[in-house]
Amino acid sequence: QVQLVESGGGLVQAGGSLRLSCLASGSIFSIISMGWYRQAPGKQRELVAIISSGGITNYADFVKGRFTISRDNAKNLVYLQMNSLKPEDTAVYYCNADILPPDSDTIRTWGQGTQVTVSS
């Protein structure tokens, strides 16, 4: 199995920055992509950014130009650099890994989440 642990959340003023980290462990050879999702109170979980094993990135429209997803493959880490934060960015941010084990369909694995709160 793959386990994901997020860190780096916290309280920041609007316009500030945070850097989230996600550490993957376990059967990491089977990870085909990783990403960040977020879920605000009363809202559904939504995609923020994803990065493939080849380094291809995709972003939700509402974070383009502000957030950057990156990977440190040697350390099994994925980062989300968040700049120009807005109060509407307040949410629990979850790390995701899509896993393709042998003889199986793709499995989506989630971390526990880290709280990001942006004050006005």
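The values are calculated or read from the model by the stated rules, or taken from the named source; none is laboratory data. Predicted model only: the values in this text are computed from it and were never measured. All Cβ positions, glycine included, derive from the backbone under ideal geometry; neighbour counts span all protein chains shown. SASA here: full protein model, heavy atoms, side chains in, ligands and nucleic acids out. Shrake-Rupley method; radii C 1.70, N 1.55, O 1.52, S 1.80 Å.
For LYS75, what accessible area in Å² do you get when you roll a 1.4 Å probe over the heavy atoms of the protein chains, rounding to the nearest 10?
About 130 Å², ignoring ligands and nucleic acids.
Give a residue-ordered list of calculated ³J(HN,Hα) values for the range 68-74 (Karplus: 6.51 cos²θ - 1.76 cosθ + 1.60, θ = phi - 60°; whole Hz; x for Gly, Pro).
Per residue, the Karplus-derived 3J(HN,Hα) values read 9, 9, 8, 10, 10, 5, 5 Hz.
Pop out the ³J(HN,Hα) list for the range 6-17 in order, Karplus 6.51 cos²θ - 1.76 cosθ + 1.60 with θ = phi - 60°, rounded to Hz; leave Gly and Pro as x.
Each residue's phi maps through the Karplus curve to give 8, 7, x, x, x, 9, 9, 7, 3, x, x, 9 Hz.
Under the Karplus relation 6.51 cos²θ - 1.76 cosθ + 1.60, θ = phi - 60°, what is the ordered set of whole-Hz ³J(HN,Hα) values for the range 84-89, x standing for Gly and Pro?
6, 5, 10, x, 6, 7
Evaluate Rg over Rh across the chain, taking Cα atoms for both radii and Kirkwood's formula for Rh.
On the way: Rg = 13.9 Å, Rh = 14.3 Å.
Rounded to two decimals, Rg/Rh equals 0.97.
May I ask for the net charge around GLN115, where only other residues with Cβ less than 13 Å from the Cβ of GLN115 are counted and Lys, Arg are +1 while Asp, Glu are -1?
Values: positive: ARG38; negative: GLU6, ASP89.
Summing Lys and Arg as +1 and Asp and Glu as -1 gives -1.
Could you check how much of the accessible area of the chain is carbon and sulfur, as a whole percent, using a 1.4 Å probe? Don't skip to the answer; put the middle values down first.
Details: 3130 of 6430 Å².
Of the solvent-accessible surface of the chain, carbon and sulfur hold 49 percent.
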